[in-house]
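Structure, as structure tokens:
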Amino acid sequence: MAKCAVASILPRMSDLTPAFSLRIPEDDALARRVCDHCGFVAYENPKIVVGSVVRFEDRILLCRRGIEPGRGRWTIPAGYLELNETPDAGAAREAFEEAGARIDISRLLAVYSVPRISQVQLIYRARLLDPAILAGPESLEVKLVHPDDIPWDDLAFPTVHWALRHDAEAEAGAPPVPFGNPAGEAGDRLPDGTPVGEDAL
């Protein structure tokens, strides 16, 4: 049997190097990368981002990003879901990695879609269990801020704006159903209309 795109998964296959062509596989409607040797289809799927709006008493946890995209801007703790990880566990892990924060997830706050970078974001509401926080390797600093002191003009991504506003609505008594993208928004611009770069979350 010829070695192909699955050779890295099944290393005992022969030594043929994978070669891909962009074509529409049988029983499909979209062009995909297909191995010329065996027909293996290398599907590419959206990335899942998990995060949380974390509250401690009357304050919210924010992290100032130490990495691109958005380096130096403020965000909520969030990042990519790992293999074999549940979304809520991933959100808790991201809070710990980025802010040393131990949190208790309360519920799903929102599901956002950012099609220009093929992301689906699952954002939770959470409670900080211990106010002793510290910046992780991907954060320049972390802090607890009162909602009136959120640096709206210095937030990293459109979805951070949405999450903080939706959390405020939830805090004010909005029904416990997940929010979604604001009408007509696809995560390609900030609230002031500034376009967001291709590599931004």
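The values are calculated or read from the model by the stated rules, or taken from the named source; none is laboratory data. Here the structure is a predicted model, which means the values were calculated and not measured. Cβ: placed from backbone, ideal geometry, glycine included. Neighbour counts: every protein chain shown. Protein only, heavy atoms only, side chains kept; ligands, DNA and RNA dropped before computing areas. Shrake-Rupley method; radii C 1.70, N 1.55, O 1.52, S 1.80 Å.
Here S118 meets each of (1) over 28 Å from E185 (Cβ atoms); (2) open to solvent by 20 Å² or more (accessible area, probe 1.4 Å) with one exception, condition (1).
Quick test for you: out of L190, L140, pick the one residue that is within 25 Å of I67 (Cα to Cα), modelled with pLDDT of 95 or more and among the aliphatic types (A, V, I, L, M). Spell out how you get there, then give the answer.
On the way: L190 fails: modelled with pLDDT of 95 or more.
Just a single option satisfies the conditions, and that option is L140.
In segment 96-107, the residue that is farthest from R65 (Cα to Cα) out of those that are part of a strand (DSSP E or B) and touching a helix residue (DSSP H, G or I) at 6+ places or on another chain (Cβ under 8 Å) is I105.
A search for C-beta distances below 9 Å between a residue of segment 162-184 that is without any contact (Cβ under 8 Å) to a residue 12 or more places away in the chain and any residue that is acidic (D, E), counting only pairs 6+ apart in sequence or on different chains, returns nothing. Given the structure, is E141 in contact (Cβ under 8 Å) with a residue 12 or more places away in the chain, more than 27 Å from A174 (Cβ to Cβ) and in a strand (DSSP E or B)? Criteria met by E141.
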